[in-house]
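A.B. asks: Dumping the structure here so I can ask a few things about it.
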Amino acid sequence: MQYMLGNEWTIESAGGATGEAYFAQSENKRLFLKRNSSPFLAVLSAQGIVPKLVWTKRLENGDVITAQEWLDGSELNPEVLQHPKVAELLGRIHHSTELLDMLTRMGKKAMDPMELFRELKQMMLSQSTGQTKHLMIERAIQFMESHLHQVIGVKPVVCHCDLNHNNWLFTDKGELYLIDWDNAEIGDPAIDLGMLFQRYIPESEWDTWLYHYGVTEDQNLAIRMHWYMLYEAIIDFHQLQTVEDAIIKEQEINDILIRAMRLVRER
């Protein structure tokens, strides 16, 4: 990579789990480099969702290097995700036919909630042998099963699937970007909304946030969001290592279930 850029460039690792991202700097230019990024990056750049793609080059070994603008900015604090700009950008992503077409052409298939539920039940069965039954988890599974029909047949969109506050970049010029698209999928927008609302948006702000996102909350959307909240929470529960963490997660599942059942009663 140093040979490709020239000796006037300083290259250092940008960290991250894959170790495939780098910062490159010369006397008057700064770039963010990544090895073997998804072709999806070009469409995201064209729509202003990620920092501008400057160039793409193929190395002799077949690896593809992408270079994006390296922008001064900061990750969003968790509370800032309540801002209308965040809702508007996610709404633009979910309503983009160009992004959906590109991800479909790349071979992505829409996530199947029936398959997700089947795998979730199978995971529970495989891990339950000899362990104490978790009645709260069983109640959550029962709720998901009885409302499975409401998450089937939903018009799919491009979902980021990792809306952690660390993946939102706010530049010094006031521009907002959503980065790190390695986990993107095609599925129900409630997947992203459920994760975001459960972690970052107070329930009292949901209606206002969805207004800026571009929809009016309805009970079907709300139930679908809670279905995916329960799905993610149960997956997390089975990955925890300590009793203390499991107790906290069970309480979270209980809170989600109470809200979900209240929604059903209000229909």
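The values are calculated or read from the model by the stated rules, or taken from the named source; none is laboratory data. As the structure is a computational prediction, the values presented were derived from the model and not from experiment. Positions of Cβ are generated from backbone atoms using ideal geometry, with glycine treated the same way; all protein chains shown enter the neighbour counts.
A.B. asks: With among the aliphatic types (A, V, I, L, M), assigned to a helix (DSSP H, G or I) and surrounded by 15 or more Cβ atoms within 10 Å (Cβ to Cβ) as the only criterion, which of LEU169, LEU210, LEU163 stands out?
C.D. replies: Sole residue among the options that is among the aliphatic types (A, V, I, L, M), assigned to a helix (DSSP H, G or I) and surrounded by 15 or more Cβ atoms within 10 Å (Cβ to Cβ): LEU210.
A.B. asks: Filter region 172-191 down to the residues that are buried (at least 20 other Cβ atoms within 10 Å of the Cβ) and within 17 Å of LYS108 (Cα to Cα) and list them by number.
C.D. replies: TRP181, ALA184, GLY187, ASP188, PRO189, ILE191
A.B. asks: Here is a follow-up. Is there a residue being assigned by TED's automatic domain parsing to the domain that holds LEU230, among the aliphatic types (A, V, I, L, M), without any contact (Cβ under 8 Å) to a residue 24 or more places away in the chain and part of a helix (DSSP H, G or I) anywhere in region 106-127?
C.D. replies: yes
A.B. asks: Determine whether LEU196 is surrounded by 14 or more Cβ atoms within 10 Å (Cβ to Cβ), touching a helix residue (DSSP H, G or I) at 6+ places or on another chain (Cβ under 9 Å), on the phi < 0 side of the Ramachandran plot and in a helix (DSSP H, G or I).
C.D. replies: So LEU196 passes the test.
A.B. asks: Need the failing condition index for SER74 against (1) over 30 Å from TYR211 (Cβ atoms); (2) assigned to a strand (DSSP E or B), just the number.
C.D. replies: (1) is the only condition that SER74 fails.
A.B. asks: Going by the structure shown, is ASP63 in contact (Cβ under 8 Å) with a residue 40 or more places away in the chain and of a type in the set (D, E, K, R)?
C.D. replies: Spelling it out, it is not the case that ASP63 is in contact (Cβ under 8 Å) with a residue 40 or more places away in the chain and of a type in the set (D, E, K, R).
A.B. asks: Related question: Looking at region 226-255 only, could you name the residues that are within 19 Å of the chain's Cα centre (by Cα) and under 13 Å from PHE143 (Cα atoms)?
C.D. replies: HIS226, TRP227, TYR228, MET229, LEU230, TYR231, ILE234
A.B. asks: How many of the residues in region 22-69 are among the small types (Gly, Ala, Ser), surrounded by fewer than 17 Cβ atoms within 10 Å (Cβ to Cβ) and farther than 22 Å from LEU89 by Cα?
C.D. replies: So the count comes out to 2.
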